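*Asks:* Quick one: structure below, then a few questions.
The values are calculated or read from the model by the stated rules, or taken from the named source; none is laboratory data. On a predicted model such as this, the values are computed, not experimentally measured, just so you know. Quick reminder, even Gly has a Cβ in these numbers, built from the backbone with ideal geometry, and neighbours come from all protein chains shown.
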Amino acid sequence: MSKVNRRLTAFFIAAAVFAADRGTKSLVENRMSAYDSKTVIPGFFNIVRSDNTGVAFGMFASAHTLVLVSISLLAVALLAIMLWRIDRLDTASATGLALIFGGALGNVYDRVHSGRVTDFLDFYAGTYHWYTFNVADASICTGAGLLLLSMLLTRDPGSQPAHPKVH
């Protein structure tokens with residue numbers, strides 16, 4: 001695939017993540033009141049409406065919005081530059097960065113638009129709850145996982161094989 005097609009594919013993935021994130025958040029924001037909850041799978045999964053003024057898992061909720069937006073915009077710009085240089089990336093890394101870029105755009109949009117991010121996916125087992133998150137967060141985590149796998153599975157071209165052939 002050409003460099004241009006790889007770029008288009010990566011930016012299409014990011015745009016699809018952004019659209020899915022905005023669409024799902026809009027549904028939740030328009031159909032649920034703050035801190036409302038709908039059980040989807042009893043004992044395992046709810047849809048809730050939660051406003052997060054911080055970043056991942058509510059960290060830095062007391063930080064000034066301008067600081068969080070500035071850092072987020074810088075991160076988005078760096079991701080865009082990395083995706084533009086897609087010819088230097090393997091497929092898993094390019095896909096991972098595209099997922100992270102789309103998710104970051106979704107959360108930055110929310111933070112700029114309203115000073116908060118809407119989270120709504122609530123997974124739990126009994127009284128043990130995972131942090132409430134959204135499509136953007138899931139995409140960012142999935143993308144980070146792909147980057148990690150790519151780093152772990154890609155060997156340095158100058159290194160020796162892990163299992164040398166025996167003649």
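*Asks:* Of these, LEU78, LEU68, which one is part of a helix (DSSP H, G or I), surrounded by fewer than 17 Cβ atoms within 10 Å (Cβ to Cβ) and modelled with pLDDT under 95?
*Replies:* LEU78
*Asks:* I'm trying to understand the selection: among the residues of segment 1-27, which are more than 19 Å from ALA136 (Cα to Cα), of a type outside the set (Val, Ile, Thr) and loosely packed, with under 12 Cβ neighbours inside 10 Å?
*Replies:* Scanning segment 1-27 gives MET1, SER2, ASN5.
*Asks:* Condition first: aliphatic (A, V, I, L, M) and surrounded by fewer than 15 Cβ atoms within 10 Å (Cβ to Cβ). Now tell me which residues in segment 106-145 satisfy that.
*Replies:* Within segment 106-145, VAL112, ALA125 meet the criteria.
*Asks:* Here is a follow-up. Are there any pairs, at least 6 apart or on different chains, whose C-beta atoms fall under 8 Å, with the first in segment 1-16 and at pLDDT below 95 and the second charged (D, E, K, R), and if so, which?
*Replies:* LYS3/ASP87; ARG6/ASP87
*Asks:* Same structure again: In segment 28-65, which residues are surrounded by 13 or more Cβ atoms within 10 Å (Cβ to Cβ), at pLDDT 80 or above and among the aliphatic types (A, V, I, L, M)?
*Replies:* Result: VAL28, MET32, ILE47, VAL48.
*Asks:* Here's a follow-up. Scan segment 27-43 and report the pairs whose first residue is part of a loop (DSSP other than H, G, I, E, B) and whose second residue is surrounded by 10 or more Cβ atoms within 10 Å (Cβ to Cβ), with Cβ atoms within less than 6 Å and a gap of 6+ or a chain change.
*Replies:* Qualifying pairs under 6 Å: MET32/ARG49; ALA34/ARG49; ASP36/ARG49.
*Asks:* Now a separate question. Check ALA144 against each of (1) over 25 Å from ARG31 (Cβ atoms); (2) assigned to a helix (DSSP H, G or I); (3) at pLDDT below 90 and name the one condition it does not meet.
*Replies:* For ALA144, the failing item is (3).
*Asks:* Could we say that TYR131 is aromatic (Phe, Trp, Tyr), over 9 Å from the mean Cα position of the chain (by Cα), assigned to a loop (DSSP other than H, G, I, E, B) and modelled with pLDDT under 95 here?
*Replies:* yes
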